Each structure stands twice: as structure tokens, then as C-alpha cells.
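Below: the structure, in C-alpha cells.
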Amino acid sequence: MKIIEFLYPDLCTLFGDPYNAEYLSKMLPEFKLVRTLSTDRPLFADNKAAIVYMGSMTEAAQECAISALSEYKSDFIRELDNNTTFLITGNALEVFGERIQDGEKTISGLGVFPNTARRQMLKRHNSFYLGNFNKMGIVGYKSQFAHTTGTDSNLFDTVRGVGLDGISGSGEGFRLNNFFATYLIGPLLIQNPPFAKYIASTVGEKDITLPFETAAYESYNARLKEYADKNKNYLL
């Protein structure tokens, strides 16, 4: 049986992000959803996970996640090269970068990617987002204290909103092989049924029917229209 690994549900608790893991299991009922705590050895370290999900967390939890994952960095790189699918949402993407800069404090990340995140704890950014991926629209929300620089391999092309670096119109998220990372939060897969199907296709599951697919596409199309309205300010 193929496995969907929800990495660190004890740390990744914010914005409803955990339901992305639940939705993956509903999309792919023949897969088993396993929740790996931060005190446990990840299944991906033993090449047992087909999809690995990790979502938003507090800033203190980021440091715990970095510490927990550091022992398995070489395993992560191996699985990255083997095209294991990783879906990373919210500030979880900062864990995999070179560093997180918080004023005078520097927090070393896993260093798998050359990214640097810069926090401004007194200036939270909140916005909605409209972008493109592989000829499909992407909609979502952002709520974060940091922005990230250091990559040219963006995941989404921005139509409206800010990109990975916090600049309006710049590319959002980053990707390498089947590693997909985005600052978008909340029920990303539910809000974006075409992207959900694309993620499923990376593990060989094509032509699937999503849970409540008709309603999901109706909501998705309504958001695409709403977010494209130039009279609507994307900043919240």
C-alpha cells in the first residue's frame, strides 16, 4: 500500500493546513495516511512514503522542525532526487532553506535550498493570491511574517498578489523535481481542484474524481473570477 505521510502534525497546526493531508487521503483512498510526530523517524527516511505533506506552524515550531529533520537531511535529498512528491505549504517552506533571519537572530535551516527568509514579527502580511501553474489558475491566501529570497525556480507565476519575496507580481513558491513549496495557506487542494489532480498525477494517479468535485470546481471558478477583478484589492 502506498503511503501519504503527514509530517509533524504536532507542530503543523495552523490555518487549517492539516486538512490538505486529510484531503489527499480522500482523493486517493487506496493510499494510507500516516501521521509522523516530530519525535518519530519519518517514513520518507526509509523510502516508504509516496507523498509527504507539511504545513504551517508557529515560529518556535519551525526551530523544532528543523532540529527534528536535520538528522534526515541526506534521506530527504535522496528522496528529492528520486522524485518522491513533497507538498509544503505556508511557512513550512522556510524550514528547508539556508537560514531564517529574525532581526539580529539567525536560525540555520536544513540548507537543502539556498533560500533566506526574513521575518518582520511586527508586520504580518495578509493577502489573497491569483496565479498560474501549468496552464491552470491558482487561488489562495497568505498570512505570514516572513518573505523568502534566493531561488529562481518558482512554483507559480503571479497574476495578482505578491510572490515568494513579497514583491507584487513576482514568482510565488519554489519547485525542484516533485518538491512543491508555496506560502499559500489553508485548504489549498480543496480550493484548487486542477492542482490537486496534478499532485495526484505525480504518483501515477490520473483521471481521478475528487470528493465533491462539481462543488469544488464551482467554488474554484467563482474565486478565479472574483480574484481577477481589478477593483478588488488583493491586500487584506
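Bear in mind these aren't lab numbers, they're just calculated from the coordinates by the rules spelled out. Only a predicted model underlies this, so the values are computations on that prediction, with no experimental measurement involved. Because the Cβ atoms are built from the backbone with ideal geometry, glycine has one as well, and the counts that use them run over all protein chains shown.
Table for the structure above
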{"read-out": "Cα-based Rg of the range 114-236 normalised by 2.2 N^0.38 Å, two decimals", "value": "1.07"}
{"read-out": "Whole-Hz ³J(HN,Hα) from phi, Karplus 6.51 cos²θ - 1.76 cosθ + 1.60, for the range 191-208, glycine and proline x", "value": "6, 10, x, x, 5, 4, 5, 5, 4, 4, 5, 5, 10, x, 9, 10, 6, 7"}
{"read-out": "FRET efficiency, ASP152 to HIS125 (Cβ-Cβ, R0 30 Å, nearest 0.05)", "value": "0.85"}
{"read-out": "Pairwise label distance in nanometres, LYS2 with GLU30, each label 7 Å out on the Cα-Cβ vector", "value": "0.8 nm"}
{"read-out": "Sequence-distant residues sharing a close amide H with LEU33 (under 5 Å, placed H)", "value": "ILE4"}
{"read-out": "nm² value of the averaged projected area, convex hull over the Cα atoms of the range 1-152", "value": "9.5 nm²"}
{"read-out": "DSSP bridge orientation in the chain - percent antiparallel, rounded to nearest 5", "value": "55 percent"}
{"read-out": "Value at 222 nm in deg cm²/dmol, rounded to 500, when DSSP H runs of n ≥ 4 in the chain each add -39,500 (n - 2.57)", "value": "-7500 deg cm²/dmol"}
{"read-out": "FRET efficiency, LYS105 to THR13 (Cβ-Cβ, R0 25 Å, nearest 0.05)", "value": "0.60"}
{"read-out": "12 Å reach of a label modelled at SER170, 7 Å along Cα-to-Cβ, counting backbone N of the range 109-146", "value": "116-118"}
{"read-out": "Pairs beyond 31 Å (Cα-Cα), from LYS2/LYS135; LYS26/LYS48; LYS32/LYS230; LYS26/LYS73; LYS73/LYS225", "value": "LYS32/LYS230; LYS73/LYS225"}
